[in-house]
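Undergrad: Please read through the structure below; I'll follow up with questions.
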Amino acid sequence: MAKRWTAPAPGPIETWSFDEIEVPAPGPGEVTIRVRAAGINPADAKHVATARPGASFPLPIGYELSGEITAVGRDALGGSGELAVGDEVVAFRVQGAYTTDITVPARDVFAKPANLPHPEAANLLLAGTTAAEMIQVTRVVEGETVLLHAASGAVGVSLLQQARDLGVRVIGTVGADAEDSAERVRRYGGIPVAYGDGLRDRVEAAADGAPIAAAWDAAGTDEAIDVSLELVSDRDRVVTIVSPDRAKADGFLWIAGARPESTRFRDIARARVLELAASGALEVPVARTYPLAEAVEAVRLVMTGHPGGKVALLP
Ligand SMILES: NC(=O)c1ccc[n+]([C@@H]2O[C@H](COP(=O)([O-])OP(=O)(O)OC[C@H]3O[C@@H](n4cnc5c(N)ncnc54)[C@H](OP(=O)(O)O)[C@@H]3O)[C@@H](O)[C@H]2O)c1
C-alpha cells in the first residue's frame, strides 16, 4: 500500500490526513513513480485553505516530486523522451506529490538532472518556471537593472540565477536582520538591500544611477509594490505573483500558475529550466528535509515566510 497526504475539505494544514491508498497501474500515456522527495511550495497550503472554483475535495496535496519509475503504461512518452522502469525523473505539475507512489501523465515527467539530488530536483520546477515567466512578461534583457522583492526565497533565488544567466543586474530585498538571506542573494549574483522603511532610497543607492527597468514581486507587501511603482515608469514591466488585488487596482501585471496563459508558458519552460539546472547554472538551495509523515510540520515552516531555502519531504 502507498501512503498519501490529502486535504479532506477546505481548511488549515492541521486538518490534512495521511492515508493508505491503492495506486492504480499506469494506463495508456501514464507512468508510476516511486517518490524519493516531494517539493513543498506555499501554494500547497494556500490552494486548499478555502474553497476555490475548480477544486473538488478531498484533494491530494503537492505539485512536484522527484523519484524513480516503477511502471510504464502503453504509449507513455515523457516530456523529455522515452521513459523506462528505473529511470530517475522529476514530475511537475502533478496533483498529490506528497505520497510514496503516484501514477501520472508521462508528458509531465522529465529525466532528472543527474547532478541534482532528489530533494533539490523535487523543488526545481514550480519556482523555476514561475521565475522564467516573470522574466518573460516583463521583457527584461541583458544589461538592465531589475528590482526583486523576496530575493532570498525559492522564486527569488531562481530569478537571481536565471537573471545572471541573461546578464541582468538584480537588486534584491531581504530581511534587515537576515544575514543568511543577504548571503544567499550575494551567492547567486544579486545585490541585497533590506526591506522596510527607506527601501526606495536604499534601492536607488544600490542602483548607482542606473534606471530600474522592471520589478519582480514575490513578497506581495504594499511596500514592495509602492516602491516598484515609484521606480519603474512602465507598469507593464512590474509583475507580482502574490497580490492580484493590487495588480488590478494599480494596472500592473499579475501571473499565477492556474491561469491558462501561465500554464502554457510554464509547461514549455520546464525543459529550459531543467537544462539550466543540468548545466550547473541553476541551483536549488535546500534548507531542510522532513520525513513524509511530518508534512504538516514541514509546511508550517514554509508558511512562516522565512524557511531559509527549500524544504523537501522524504518518503
Ligand atoms: N503566482 C504564482 O504563480 C506563484 C508561484 C510561486 C510562488 N508564489 C508565491 O510567491 C511567494 C514567494 O514564494 P516562495 O516559494 O519564493 O517563498 P519562500 O521560499 O517561502 O520565500 C519567502 C521569502 O519572502 C521574504 N519575505 C518575508 N517577508 C517579507 C516582507 N515583509 N517583505 C519582503 N520579503 C519578505 C523572505 O525573505 P527574508 O527571510 O529575508 O525575510 C523569503 O525569502 C509566496 O507567497 C507564494 O505563494 C506565487
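No lab work stands behind these numbers, since they all come straight from the coordinates. Everything quoted here is computed from the prediction, not taken from an experiment. As a convention, Cβ positions derive from the backbone with ideal geometry for all residues, glycine included, and neighbour counts pool all protein chains shown.
Undergrad: Would you mind getting me the FRET efficiency between Ser279 and Ala249? Use the beta-carbon distance for r and R0 = 45 Å, nearest 0.05.
TA: In this case the efficiency is close to 0.65.
Undergrad: Right, here's the next one. Report the local net charge at Leu124: Lys and Arg +1, Asp and Glu -1, summed over other residues whose C-beta lies under 10 Å from its C-beta.
TA: So the surrounding residues net to 0.
Undergrad: If you don't mind, another one. Measure off 7 Å from each Cα along the Cα-to-Cβ vector at Ala84 and Arg200, then give the distance between these two points in nanometres to one decimal.
TA: Between Ala84 and Arg200, the simple spin-label model gives 6.1 nm.
Undergrad: Less than 19 Å apart at the alpha-carbon level, and either on another chain or at least 8 residues along: which aspartates and glutamates does that give for Lys46?
TA: Cross-link targets: Glu14, Glu64, Asp217, Asp245, Glu294, Glu297.
Undergrad: Starting from the 7 Å offset along Cα-to-Cβ, what nm value, one decimal, do you get for the label separation of Leu166 and Gln95?
TA: Inter-label distance under the simple model: 3.2 nm.
Undergrad: On to the next question. How large is the helix-only mean residue ellipticity at 222 nm for the chain, computed as the sum of -39500 (n - 2.57) over DSSP H runs with n ≥ 4, divided by its residue count, in deg cm²/dmol to the nearest 500?
TA: My calculation for the chain gives -9500 deg cm²/dmol from helical runs alone.
Undergrad: With all pairs of different alpha carbon atoms counted, what Kirkwood hydrodynamic radius in Å does the chain show?
TA: After inverting the mean inverse Cα-Cα distance, the result is 19.9 Å.
Undergrad: Let me ask you something else. For a Förster distance of 35 Å, can you work out the FRET efficiency between the beta-carbons of Ala293 and Ala114, rounded to the nearest 0.05?
TA: Between Ala293 and Ala114 the formula returns 0.75.
Undergrad: Could you give the length gained on full extension between Asp208 and Asp234, defined as 0.36 nm per residue of separation minus the Cα-Cα distance, in nm?
TA: Extra length from Asp208 to Asp234 when fully extended: 7.4 nm.
Undergrad: I need the shape label for the stretch 127-254. Rule: rounded when a/c is under 1.5, else prolate if a/b > b/c, else oblate, with a, b, c from the alpha carbon gyration tensor.
TA: Rounded is the answer for the stretch 127-254, as its axis ratio a/c remains below 1.5.
Undergrad: Okay, moving on. If you wrap a convex hull around the C-alpha atoms of the stretch 198-315 and split its volume per residue, what is the figure in Å³?
TA: About 166 Å³ per residue, rounded to a whole number.
Undergrad: Moving to a separate point now. How many nm separate the modelled label positions at Ile268 and Arg34, each set 7 Å beyond the Cα in the direction of the Cβ?
TA: Those two pseudo-labels are separated by 3.7 nm.
Undergrad: Quick one: net charge around Tyr188, please, counting Lys, Arg +1 and Asp, Glu -1 for every other residue with C-beta under 12 Å from its C-beta.
TA: Around Tyr188, the charge tally is +1.
Undergrad: With a cut-off of 8 Å between alpha carbons and a minimum separation of six or more residues, what is the relative contact order of the stretch 77-214 in percent?
TA: 19
Undergrad: Another one. To the nearest 0.05, how large is the calculated FRET efficiency for Ala55 and Glu223 if R₀ is 30 Å and r is the Cβ-Cβ distance?
TA: Plugging the Cβ-Cβ distance into 1/(1 + (r/R0)^6) gives 0.45.
Undergrad: Follow-up question, since we're still on this one. If you filter the stretch 87-144 for trypsin sites (Lys or Arg not before Pro), then keep DSSP loop positions with at most 16 other Cβ within 10 Å, what is left?
TA: Here the sparse-neighbourhood loop sites are Arg139.
Undergrad: Considering only the other residues whose Cβ falls under 15 Å of the Cβ of Ala84, what net charge follows from Lys and Arg at +1 and Asp and Glu at -1?
TA: With Lys, Arg at +1 and Asp, Glu at -1, the net is -3.
Undergrad: Using alpha-carbon positions, what is the distance between the centroids of the stretch 223-257 and the stretch 144-173, in Å?
TA: 16
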